[in-house]
Amino acid sequence: MEQQIQVRSRRRRRRKKHTFLVPLVALAVILTTYFTVKAVIGAKERTQTEVSQTQQTTESTEPSYTGLLAQADRLAQQYDYDGAKALVETCSGWQTTEELKAAYDGYTAAQARTVRYGDTTTIPHIFFHSLVADTARAFDGDDSSDGYNVFMTTVDEFRTMLDILYEEGYVLVDIHDLASFQEQPDGTQVMKQGDIMLPPEKKPLIMSQDDVNYYEYMVDGDGDGKADKDGDGFATRLVVGEDGKPTCAYITADGKTVTGAYDLVPILDEFLEQHPDFSYRGAKAILGITGYQGVLGYRTHPKYREILGDAAYEKEVADAKAVAQCLKDDGYVFASHSFGHPSLQSISVDALIEDTDKWETQCQPILGDTDILIYPYGADIAGVEDYSGAKFDKLYDAGFRYFCNVSAASPYWVQIHDTYVRQARINLDGYRLTHATNLIAHLLPDPESVLDPARPLPVPDL
């Protein structure tokens, strides 16, 4: 019996021992797992820290002037060598930094190759209207088709022209580069030719676009005053893109609203991004604006307040101001194309005064001041004789100093007077690409090669 008790006692002790060992083993497993996981996490953290430190080290070894040098290169590509060198000079110790010194010397050498363009009165000025983005809708045989065929240029034709003009050595300049006021020894301000410094193989060129308004007849197919898919295949307005740059809103044939390069501004910007040397010191195009349906595709004429309602109308005005500022920041220049698009040549003095006042009160607050007037229909208020009379007095009092008409009788036509400049423009549209093409041979040696296959031929005569 005693032996049985002893055996049972030993068995109980063994069971207690085993019972006690179970949690110890579990605890050991848990601790092992914990420290293993912690070690792995720690290793990852150390690795990430090392990677971060490596990245920081790599970044710190990248020259601090890299971004600035890229800006300087861009200025030099646009012939602003003084600006490029001034940027380099802002870097401490640039004279002893090999890359900066080499860039500076390169700008100096390139600048030494430039020559002053001899006579700015020989600078041509080309212009366009809204570009046809969808030829199927624009040239569909309705009442507007012939007009589009005569006066408009397609997107594909415009892109082709840019390539040709670039290959021919043309460079866009601002109209103010042509001539500007310069103080004389007696203190007076007199218009004098500008000093355009370009490589000898380059030629200056001015570009403008008329009626950057996206009129209802072009974009509204059902007559409700709003752009829709039944419009004629043009951009509907200019907008500020996601990148902060100006671009176009456009409604596709299936009714989808998209943004992109559907008119001159974003297409030209894309081209200049690839070819910065097509612009002299950032010059782009002049945008001629009327006001009788609003500006830049926004219904800002006061009559739309009643049509749209106060809140929607105020938003149109605010959005138009934002787009206008975006365009100016991007290098574009505004011009008055009159308020109601009348012929300033044929209307009365009183009618001209009323129209000019409307542009000042309704367009100028949105677009800002401008000293450029683009005549509707190209109809100048005078012939080759000097300006004078009540019409000129009103336009001059309104601040206009650069007056642009239309003529393709010669490659260029410019008058620089003491107080104003006149310049004739050449239309590069369906009519000019197919009629009297010899008048644009200096710009487009082979106009036929520019024609969009979708353009109906023959283009009607005027």
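Scanning region 193-215 for residues that are surrounded by 21 or more Cβ atoms within 10 Å (Cβ to Cβ) and among the acidic types (D, E) turns up just one, D210.
Can you tell me which residue in region 112-154 is nearest to C248 (Cα to Cα), limited to those that are part of a loop (DSSP other than H, G, I, E, B), of a type outside the set (D, E, K, R) and open to solvent by 40 Å² or more (accessible area, probe 1.4 Å)?
From region 112-154, those part of a loop (DSSP other than H, G, I, E, B) are 113-114, 117-119, 123-124, 129-130, 133-134, 139-144, 152; that's our starting set.
Add one more test, that the residue is of a type outside the set (D, E, K, R), and what stays is 114, 117-118, 123-124, 129-130, 133, 139, 141, 144, 152.
Those left that are additionally open to solvent by 40 Å² or more (accessible area, probe 1.4 Å): 117-118, 141.
Values: Y117: 35, G118: 38, G141: 26 Å.
If we take residues in region 112-154 being part of a loop (DSSP other than H, G, I, E, B), of a type outside the set (D, E, K, R) and open to solvent by 40 Å² or more (accessible area, probe 1.4 Å), then G141 is nearest to C248 (Cα to Cα).
The residue that is modelled with the lowest pLDDT, counting only those in region 417-454 that are surrounded by fewer than 18 Cβ atoms within 10 Å (Cβ to Cβ) and touching a Lys or Arg at 6+ places or on another chain (Cβ under 8 Å), is L439. For L457, the conditions (1) more than 27 Å from E157 (Cα to Cα); (2) at pLDDT 95 or above; (3) open to solvent by 20 Å² or more (accessible area, probe 1.4 Å); (4) of a type in the set (A, V, I, L, M) are fulfilled apart from (1). Here I347 meets the list (1) open to solvent by 30 Å² or more (accessible area, probe 1.4 Å); (2) among the aliphatic types (A, V, I, L, M); (3) modelled with pLDDT of 95 or more; (4) over 30 Å from V317 (Cβ atoms) almost entirely, failing just condition (4).
A Cβ distance below 6 Å, combined with a sequence gap of six or more or placement on separate chains, defines the contacts here; from region 109-133, residues that are under 20 Å from K192 (Cβ atoms) reach residues that are loosely packed, with under 15 Cβ neighbours inside 10 Å in the pairs T114/P199; V115/P200; R116/D195. For region 193-221, filtered to residues that are acidic (D, E) and closer than 14 Å to V295 by Cβ, the residue that is modelled with the lowest pLDDT is E216.
Within region 269-282, if we keep just the residues that are of a type outside the set (D, E) and touching a helix residue (DSSP H, G or I) at 6+ places or on another chain (Cβ under 7 Å), the residue that is farthest from W359 (Cα to Cα) turns out to be H275. Restricting attention to region 79-111 and to residues that are touching a strand residue (DSSP E or B) at 6+ places or on another chain (Cβ under 9 Å) and either open to solvent by less than 30 Å² (accessible area, probe 1.4 Å) or at pLDDT below 95 (or both), the residue that is nearest to G282 (Cα to Cα) turns out to be Y79. Taking first residues from region 435-458 that are polar (S, T, N, Q) and partners that are outside any loop (DSSP other than H, G, I, E, B), the Cβ contacts under 7 Å between residues at least 6 apart in sequence or on separate chains come to T437/P447.
The values are calculated or read from the model by the stated rules, or taken from the named source; none is laboratory data. In this text, all values refer to a predicted model and were calculated from it rather than measured experimentally. As a convention, Cβ positions derive from the backbone with ideal geometry for all residues, glycine included, and neighbour counts pool all protein chains shown. The area values use the complete protein model at the heavy-atom level, side chains included, leaving out ligands, DNA and RNA. Shrake-Rupley method; radii C 1.70, N 1.55, O 1.52, S 1.80 Å.
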